[in-house]
Amino acid sequence: MEILYYGRLRDEIGRDREEIDPPSHVLTVEDLVAWLRGRGEPHASALAEAGIHASVSGQWVRGKESLFGALEVALLPPVGVL
Amino acid sequence: MIDVRVQSGDFDPGRQLARLGELKKAAVASFVGRLEADDGVRELRIDHHAALAKAELQRIAEEAGQRWPLAGIILIHRHGPIAPGGRAFFAGAAAGDADAAGEACAWLVAQIRARAPFWRKEILADGSERWLKANERQAS
């Protein structure tokens, strides 16, 4: 699975994308964010803020929604910042 | 008619109003969102998720079309570097009813602010950078 980072996440994690291989218990957006945070810094701090969203194929995927079959997941900071 | 654009370049609000005027409806309501910034801010950069931004703006426009009898909707949102005070987005609606156009335009602006996946970075005069957090400041 490829993860794309946007906004401040890109700066704080220090890259705009990375290839990951999450274990089988990572099924939802919440699972993915928790698993990434558990890998330590810089992900732990960067993804600590509430309201991290995800998108797959141009559609929002909310916290408890499944990432089943997703090959590319965009992680997005909260919106409403203009 | 729905026209949604996500672009780096500036736009001409007068040209967009003229396009809505070509629909020959009784009312055209529009709003231009600009990026207000503190004095110490040299430049603003708007990051975005291209596919999601276009899709979300399209969804917002379609929802407005379901709520009000609109003849036309134009949404434009910029990304990339923008000078402080520069134009960030345009929302316009044409309708046969003035209240519908006005209410729809206000609703479009609120939805863009709340839902559109754009993020704002400020570059200060000393070269340092900071990302704005949600609802810290909004386009005026």
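Across every pair of different alpha-carbon atoms, what Kirkwood hydrodynamic radius in Å does the stretch B:1-58 reach?
One over the average 1/r among Cα pairs gives 14.3 Å for the stretch B:1-58.
What FRET efficiency comes out for B:E62 versus B:A83 if R0 is 30 angstrom and r is the Cβ-Cβ distance? Round to the nearest 0.05. Computed FRET efficiency for B:E62 and B:A83 comes out at 0.40. DSSP assigns beta bridges within the stretch B:1-106; of those with both partners inside it, close to 75 percent run antiparallel.
Return a whole-number percent for the relative contact order of chain B, with Cα pairs under 8 Å and 6 or more residues apart as the contact set.
Normalised by residue count, the contact order of chain B is 37 percent.
Note on B:D126 and B:A114: their simple-model spin labels are 3.8 nm apart, each label 7 Å out from Cα toward Cβ. Please report the antiparallel percentage of DSSP beta bridges with both residues in chain A, rounded to the nearest 5. Around 70 percent antiparallel, to the nearest 5.
The alpha carbons of chain B give a radius of gyration and a Dmax of 15.4, 51 Å, in that order.
Shape descriptor for chain A: Rg over Rh equals 0.92 (Cα atoms; Rh from the Kirkwood inverse mean 1/r). Label-to-label distance, A:E49 versus B:S8, with points set 7 angstrom from Cα along the beta-carbon direction: 2.4 nm. How big, in percent, is the set of alpha carbon pairs in the stretch A:1-49 lying more than 13 Å apart? In whole percent, the share of Cα-Cα pairs in the stretch A:1-49 beyond 13 Å is 56.
Can you give the extra length, in nm with one decimal, that the chain gains between A:D21 and A:E72 once fully stretched, where that is 0.36 nm per residue apart less the Cα-Cα distance? Extra length available between A:D21 and A:E72 comes to 17.2 nm.
Exposed loop sites were defined as GluC sites (Glu not before Pro) in DSSP loop states (anything but H, G, I, E or B) carrying at most 15 other C-beta atoms within 10 Å; in chain A the longest segment without such a site runs A:1-48. Take the Kirkwood radius over Cα pairs of the protein assembly as shown, plug it into Stokes-Einstein at 37 °C and 0.692 mPa s, and you get 177 µm²/s for translational diffusion.
Since every read-out is calculated from the coordinates, none of them should be taken as a lab result. As the structure is a computational prediction, the values presented were derived from the model and not from experiment. Backbone-built Cβ (ideal geometry, glycine too); neighbour counts: all protein chains shown.
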